[in-house]
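Have a look at the structure below before the remarks.
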Amino acid sequence: MAITIKDIARESGYAVGTVSRVLNNHPDVSETARAKIMEVVEKHHFRLNNNAKHLKQQSSSGIAIIIKGSQNMLFAPIVEKMQNMLLEKGFATLIYYISEMENELETAIQICAERRPVGIMFLGCNLQYFPKRFPAITVPCVLVTNSAESLGFDNLSSVSIDDAEAAKAAVNHLLGLGHRNIGILGGFTDKSKVAQTRFSGCLKAFNDNGMPFDADSQYIASMFTIRDGYNSMKTLLGRIPHISAVFAMSDVMALGAVRAIKDAGLNVPRDISVVGFDGIELSEYIFPSLTTIKQDKEKIAKRSVEILLANIGKKLPAVHETVPFTVIVGESTTQLYQEEKLNG
């Protein structure tokens, strides 16, 4: 009986997606994992072609996954889940990492010309590129963690949370704790639809509570990285001497902010409360644990794959699904002391 990729995964102790990446010679696998998996492969004389009935190997049967930004810890478990689901359904995955500044539509068009995928999934995309260039793509596509409803393309679906409502909930959490001098760390609103939408949610929270917000001093735009979160928090500390709370539009930015606050000789949350966004696993284990907006990674991955596969080979209308989010209250936020409220 021929051995399968699942058998290799079981014997090696690694996930099916990791085995697939090794067999397809992807670079994003540790040498330890690669060596162990190849040991099992060679032991059973496994050849990828022998598993053709379980995994379509022609490039025209593959699904491309384009991931924008290499430091987004939210994407890793989503991609892993999607890969496993696609492999179980008999589809090879073509993984592409691009920088935050690259145009994912140009990448997708090139992939379509060279590899002829039957579908494409975009993670971390910039919607401003889509109106002009997406019509060149004819295969079914899904935006993952970003809504495409406003674009109106028949072959472009999406699965995401309500970013505006989630950001509003984050700011409302801080306002509910008595904080008034609140800073926001986010993306470039003129380039990122996600940053723009989350920023609008922040403004709604301030407006609903009758609180003024000066974007010139209270908002810092940067890349969604730990380093930029650190540097942006340092800038914010210089701008707002009496700041008592900060909302970062990603957990990795929040992690950088926490470090900058500590390096300034301050304490989280006693001096400054911090809220993140995404609910990455690391946020549970740092000290203090991070208060964050948690996205349901499992459901986002599952529905994205289900929607894409349902549209492959069929002329179905685009689907735009919103997945619920959760406010996770960790140790990084606390009630503002009454005397600070009076002085603030």
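The values are calculated or read from the model by the stated rules, or taken from the named source; none is laboratory data. This is a predicted model, so every value here is computed, not measured. Virtual Cβ from ideal backbone geometry, glycine too; neighbours counted across all protein chains shown. Note: areas computed on protein heavy atoms with side chains; ligands, DNA, RNA excluded. Shrake-Rupley method; radii C 1.70, N 1.55, O 1.52, S 1.80 Å.
Considering only SER20, ILE300, ALA148, and ranking their Cα positions along the charge dipole of the chain that arises from unit charges at the beta-carbon of Lys, Arg, Asp and Glu, the one farthest toward the positive end is SER20. Only helices reaching 15 angstrom along their own axis (Cα) with mean Kyte-Doolittle hydropathy no lower than -1.0 count here, and for the DSSP H runs of the chain these are 31-43, 75-88, 104-115, 163-176, 193-208, 226-239, 251-263, 297-311. Taking all Cα-Cα distances within the chain, those exceeding 25 Å account for 55%.
Among beta bridges from DSSP that stay inside the chain, the antiparallel ones total about 10%. Along the axis of the charge dipole computed for region 167-317 (Cβ charges of +1 for Lys and Arg, -1 for Asp and Glu, origin at the Cα centre), the listed residues THR189, LEU316, GLY279 are led at the positive end by LEU316. In this structure, SER30 and ARG239 have a Cβ-Cβ separation that, at R0 = 45 Å, corresponds to a calculated FRET efficiency of about 0.65. Calculated accessible area for region 188-280 comes out at 41 Å² per residue, all protein chains present (probe 1.4 Å; ligands, DNA, RNA ignored). Counted over all Cα-Cα pairs of region 61-196, pairs farther apart than 18 Å make up 58 percent.
Solvent exposure of region 83-131, expressed per residue, is 42 Å² of accessible area, with all protein chains present and a 1.4 angstrom probe.
Taking every alpha-carbon pair under 8 Å whose residues sit at least 6 apart, the chain reaches a relative contact order of 16 percent. Computed in the context of the full set of protein chains, the accessible area of the chain at 1.4 Å probe radius has 50% of its extent on carbon or sulfur. Only helical runs count toward this figure. For the chain, summing -39,500 (n - 2.57) over DSSP H runs of n ≥ 4 and dividing by all residues gives -12500 deg cm²/dmol at 222 nm.
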